[in-house]
1. What is the local net charge at residue 146, summed over the other residues whose Cβ is closer than 12 Å to its Cβ (Lys, Arg +1; Asp, Glu -1)?
2. Report the full-extension gain for the segment residue 28 to residue 62: residue separation times 0.36 nm, less the Cα-Cα distance, to one decimal in nm.
3. Can you list the HN-Hα couplings for segment 11-26, worked out from phi with the Karplus curve (6.51, -1.76, 1.60; θ = phi - 60°), rounded to whole Hz and with x for Gly and Pro?
4. Please find the FRET efficiency linking residue 178 to residue 82, where r is the Cβ-Cβ separation and R0 is fixed at 25 Å, and quote it to the nearest 0.05.
5. Can you give the FRET efficiency to the nearest 0.05 for residue 100 and residue 70, using r as the Cβ-Cβ distance and R₀ = 41 Å?
6. Can you compute the FRET efficiency between residue 7 and residue 185 using 1/(1 + (r/R0)^6), with r the Cβ-Cβ distance and R0 = 35 Å? Round to the nearest 0.05.
7. Using a 1.4 angstrom probe and counting only protein chains, how large is the accessible area of residue 119 in Å², to 10?
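The values are calculated or read from the model by the stated rules, or taken from the named source; none is laboratory data. Please read these numbers as outputs of a predicted model, since none were measured by experiment. Backbone-built Cβ (ideal geometry, glycine too); neighbour counts: all protein chains shown. The accessibility values were calculated without ligands, DNA or RNA, using every heavy atom of the protein model including side chains. Shrake-Rupley method; radii C 1.70, N 1.55, O 1.52, S 1.80 Å.
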Amino acid sequence: MSKAMQLAYACWVFAALFLFLACINPRVIYWGRRARFGSSGGGESSDAAYNAQRIGSTFSAVLLTVMGFVLMHWEDQSTYDADEVRVAVGKVAEDLNQQTVPQSRILAPDYYLAVNTAISKVTGDVLSDLRSRSAGTTPSDGERFTISSYTTGNPYCLTVEATSSRQSMSKPVYVGLRTAVRKGECGPLVGEPR
């Protein structure tokens, strides 16, 4: 069970507790506490104070119930199932194929930044359920990334490479990106030690 769902259930448990307290006659609680612990040092509260306690308990119960449903909805909306991961990775690859990045003889393109920017653009959320992690470089100085859902997994291997070679020593040249996607984790390349 995810952290968001655990928090949603905790909200609902506390909401039930506050609702229970709102339904009990406050005088019963006052006199029960007084009989158990002796004199409380003050007189009994007024009817207005008891009503304020009930209203506060009811308001707290409603607020906690709504918070629980908001957390549950957020969890449901941010979790990607297998088909949604496939579609999102496909859109990330399409977005990367349309991008250009600077590249010079000294600096290689920042593939990591390009991939994470594309994921944020596709999901529309920095805190999305999709994650990417580098899986090493390719022989042609590209980079591979495993993209998957935190919750459901469903990994895809995304390979990103520059479409042209480095040309200038002093100033960066903007090069396009080429991507390839396959289902599953990015394993070692042919000839790499496992």
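1. +3
2. Computed gain between residue 28 and residue 62 is 9.9 nm.
3. Here the 3J(HN,Hα) series is 4, 5, 5, 5, 4, 4, 5, 5, 5, 4, 5, 5, 7, 7, 5, x Hz.
4. For residue 178 and residue 82, the calculated efficiency is 0.45.
5. 0.55
6. Once rounded, the FRET efficiency stands at 0.70.
7. Near enough 10 Å² of accessible area.
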